[in-house]
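Down below is the structure, laid out as structure tokens.
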Amino acid sequence: MRRPILALLLAALLAALPAAAPAQNEPPNAEEFREIGRRVLEGDAVEEEAMAFLRRGFGRFLLQPPMHVGLAARYEIAELFLARGDIRNALLRLQEVAASIPKEDEVLWVTRFNMAELYYLGMNDTDRAVAEFAQVKGNLEAVAQREMFTLLENDPNRQAQVVALFEKRATETKDPGERFALLMRLGRYYKRQKQPDKAVEVFERVAREATPEVIEGLRRRIQEDVRAAGRRMRALREQDRHDEAHAMMTTLHRRANQLRILDRHDEAAALQRALERLEMEGEGVEPARPPGIPGEPLPPREGELRPPEAGDPRPLPAPVQRP
């Protein structure tokens, strides 16, 4: 009779033990980290869940931008120090990289981003992390700004600093869209801090200033910028400068992603619609070029007439009517 009783007691004890941590809480492996890192480096609007996954890997891996072999070697050494748990020496190697870059560029900004994450996650040094995040530009600028805001907001002892930062930036910017996004974030911060009166005060400021006329002005400015970019891209393609035209279109799509990251959704939606219209009109689409014939003219766009080559007896085709 004792065995069944012991078995029942053992089963009850096992059931009371805490469950193992789910797989999503495990540190990412190198391949997973590199894939999410690639998306971040390319300016994609990475969702918060993916960013949280990325943060768990910063104690072992680094975002690695394209760079020359000397800098790549220093990055490899930094990751080897991370593998040993030696974050201080990993930071020293990244500081060497930053000091060796003569001008502001993507490698420097990515290095500063890596240093900021290590200062915060590995050294618990919020001030140094904020200082590094604030210097990041390029494709990572929006992500760095969001990371900086988040780490400050999560520190209960930094409310005065958070409020001062948002108010200062909202006052200094000449971009109404940026101002509204900063104030909305400040209002939500007050809301999370259980300070509804201050939250209401900030939200009322946005409601007064973000009139339909102002919002329409933001959308119109975006549409005009995209139309102007479309004209420049067409001119570049006519000069057979397709790489430059493609780079311009990529920059516009990245801008839409950055607006989403910073919660500037009205502008992101307006930019996305303008880009879709541009592509429908053919301005943002690059015609396919047969491989291996770089000097040949591109095929005509729909409805475009071109004179026949010398000696070609074929008549010009009838123009295509657009609906």
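Just need a number here: residues in segment 123-153 that are in contact with a Phe, Trp or Tyr (Cβ under 8 Å, 6 or more places away or on another chain), surrounded by fewer than 21 Cβ atoms within 10 Å (Cβ to Cβ) and among the β-branched types (Val, Ile, Thr).
1
Considering segment 175-191 alone, what residues qualify as being of a type in the set (Gly, Ala, Ser) and either more than 18 Å from Asn154 (Cα to Cα) or in contact (Cβ under 8 Å) with a residue 24 or more places away in the chain (or both)?
Across segment 175-191, the qualifying residues are Gly177, Ala181.
Would you mind stating whether Gly187 is modelled with pLDDT under 95, within 24 Å of the chain's Cα centre (by Cα) and buried (at least 18 other Cβ atoms within 10 Å of the Cβ)?
Criteria not met by Gly187.
Leu182 - would you say it is of a type outside the set (Asp, Glu), at pLDDT 95 or above, within 20 Å of the chain's Cα centre (by Cα) and surrounded by 19 or more Cβ atoms within 10 Å (Cβ to Cβ)?
yes
Counting only residues that are free of Cβ contacts under 8 Å to residues at least 24 places away in the same chain and more than 30 Å from Arg192 (Cα to Cα), give me the helices (runs of 4 or more DSSP H) lying completely in segment 59-168 with at least 1 of them.
69-83, 87-100, 106-117
Out of Ala199, Ala228, which single residue is over 18 Å from Leu262 (Cβ atoms), part of a helix (DSSP H, G or I) and touching a Phe, Trp or Tyr at 6+ places or on another chain (Cβ under 7 Å)?
Exactly one residue qualifies, and that residue is Ala199.
In segment 249-284, how many residues are over 16 Å from the mean Cα position of the chain (by Cα) and either of a type in the set (S, T, N, Q) or closer than 19 Å to Arg146 by Cα (or both)?
Of the residues in segment 249-284, 1 are over 16 Å from the mean Cα position of the chain (by Cα) and either of a type in the set (S, T, N, Q) or closer than 19 Å to Arg146 by Cα (or both).
Conditions: (1) crowded, with 19+ Cβ neighbours inside 10 Å; (2) under 25 Å from Glu117 (Cα atoms). Ile222 meets all but one. Number of the miss?
(2)
The values are calculated or read from the model by the stated rules, or taken from the named source; none is laboratory data. In this text, all values refer to a predicted model and were calculated from it rather than measured experimentally. Quick reminder, even Gly has a Cβ in these numbers, built from the backbone with ideal geometry, and neighbours come from all protein chains shown.
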